Amino acid sequence: MSDLPMIPAAKPIIGEEERAAVDRVMRSGMVAQGPEVAAFEAEFAEQLVGGRTCVAVNSGTSGLHLGLLAAGIGAGDEVIVPSFTFAATANAVALTGARPVFADISADTFNLDPASVAEAVTEATAAVMPVHLYGHPADMDGLGQVAAEHGLALFEDAAQAHGATYHGAPVGSFGVFGMFSLYPTKNMTSGEGGMVACADEEIARGVRLLRNQGMERQYANEVVGLNNRMTDIHAAIGRVQLTKVAGWTETRRANAAWLDEALGDVVVVPPVRQGCTHVYHQYTVRIAGATGAERDEVVRALREEHKVGCGVYYPTPNHELVSLARFAPERELPETARAAAEVISLPVHPSLSQGDLERIAAAVHAVVGAGS
Ligand SMILES: *Cc1c(COP(=O)(O)O)cnc(C)c1O
């Protein structure tokens, strides 16, 4: 089997139109933030977040950072986040001077568990920031209720969830702000980039000021800010991708439905909660009861023996990372620990062929089925 081509775990799709768009901007001679960024913001708003004002920045992490700062988060505040996510979620909180407080997840969706969030609330809690992990919406009703009870702001890390909906409304349209990443492996890309969907004009203005040295008018700096601007080159790529992402999402869903059927007898396939649409940034299964080492052996065999690219998102809970361990909670996060040991993300991206899907299913049966 070693002569088989590797099925990549993820594959950004960059076509002729993206290349032509970059060329058009390059030839214009104006490449920094300008009209392409403004058009991208307007089109993204219209297509993905129900018309909310959007502000483009140079990465998803910058989007979280500036969204938090614009919302007034800083030293002395606590923001409740999941530990089972990419480190950018908690990093952005810590960089404002606030304290990330880690809560546990629900076993089915891998997303923040409102009951665990409620337990983590203290006098200092200012906000809760769920992640719509893997493209499945977080429990916005449950979290909204906890936030309302305790007077907390709600923010959304929608880095992985372009187009996912919760009871008919798009993710990114619930929080004070919602951030989408445009990194190449995400469901759509601008090369690098982030988009901040804002609940009101005040937050949007805050993010705009912070991304541009605190200036609305040149050299009339109003606040201390950064340079986190998106370039017109990146926006031009993003605008083209925006015209394709809905079709790609349909293909991701169809691939996931096929894998659900094919794999449900050997692994725990990702459930979709009622009222939610999942956009399958990742197709993440559980090897129920596995230790981290047993799961790692499955990953190794899939990659090396069957040439099926796959990933573990995320093997180490954030509160166990060297960088974030000082924020480790006193209480245990048992579902976080279990997920970190059991999960494997299989390829689900829109470039997969029917033959690839069949190879993935056969490989999982061979590797996991053999051991069970
Ligand atoms: C990718 C990602 C980010 C950060 O986005 P970048 O564009 O890479 O900075 C933040 N949160 C989550 C959950 C992500 O997956």
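Readers should treat all values here as calculations from the given coordinates under stated rules, not as data from a laboratory. Predicted, not measured: the structure shown is a model, and the values here were computed from it. Every residue, glycine as well, gets a Cβ built from its backbone with ideal geometry; the counts of neighbours run over all protein chains shown.
Structure values in brief
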read-out: Relative exposure of R286, R239, judged by other C-beta atoms within 10 Å (fewest first); value: R286, R239
read-out: Spherically averaged projected area of segment 52-122 from its Cα convex hull (nm²); value: 5.5
read-out: Environment charge at G151 (Cβ cut-off 14 Å; Lys +1, Arg +1, Asp -1, Glu -1); value: -4
read-out: Value of relative contact order over segment 245-371, rounded to a whole percent, pairs C-alpha under 8 Å and six or more apart; value: 37
read-out: Cα-centre dipole for segment 245-371 with unit charges at Cβ (Lys and Arg positive, Asp and Glu negative), debye to 20; value: 280
read-out: Under the Karplus curve 6.51 cos²θ - 1.76 cosθ + 1.60, θ = phi - 60°, whole-Hz ³J(HN,Hα) for segment 243-260, x wherever Gly or Pro sits; value: 6, 10, 5, 5, x, 4, 4, 4, 5, 4, 5, 5, 4, 5, 5, 5, 5, 3
read-out: Dipole of segment 263-310, positive direction: furthest Cα of H281, V269, L302, with charges on the beta-carbon; value: H281
read-out: Cα-only Debye scattering, segment 197-241: base-10 log of I(q)/I(0) at q = 0.16, 0.28, 0.32 Å⁻¹; value: -0.51, -0.94, -1.00
read-out: Most positive-pole-ward Cα, I237, A92, W258, against dipole of the chain from beta carbon charges; value: I237
read-out: For the chain: relative contact order, % (alpha-carbon pairs under 8 angstrom, 6 or more apart); value: 23
read-out: Cα Rg, Dmax, segment 162-276, angstrom units; value: 18.4, 63
read-out: Summed residue charge, Cβ within 14 Å of L242's Cβ, Lys/Arg positive, Asp/Glu negative; value: -3
read-out: Antiparallel bridge percentage (DSSP; both residues within the chain; nearest 5); value: 60
read-out: Positive-end residue, the chain charge dipole about Cα centroid, Cβ charges, pick of L346, Q33, L68; value: Q33
read-out: Of F86, F110, F180, the one that fluctuates the most in a GNM where the chain has Cα springs shorter than 10 Å; value: F86
read-out: Added length on full extension, which subtracts the Cα-Cα distance from 0.36 nm per residue, L4 to D141; value: 44.7 nm
read-out: Calculated diffusion of segment 245-371, Stokes-Einstein form, Kirkwood radius summed over Cα pairs, 20 °C and 1.002 mPa s, µm²/s; value: 137
read-out: P(r) of the chain over all Cα-Cα pairs, binned every 20 Å from zero, in whole percent; value: 30, 57, 13, 0
read-out: Residue-span extension gain [R326 to A20] - 0.36 nm each, minus C-alpha spacing; value: 105.4 nm
read-out: R331, R338, R211 arranged by Cβ crowding within 10 Å, fewest neighbours leading; value: R331, R338, R211
read-out: Equivalent ellipsoid semi-axes - Cα gyration tensor, segment 84-142, angstrom; value: 19, 15, 9
read-out: Residue-averaged [θ]222 nm for the chain, counting only DSSP H segments that reach four residues, each worth -39500 (n - 2.57); value: -11500 deg cm²/dmol
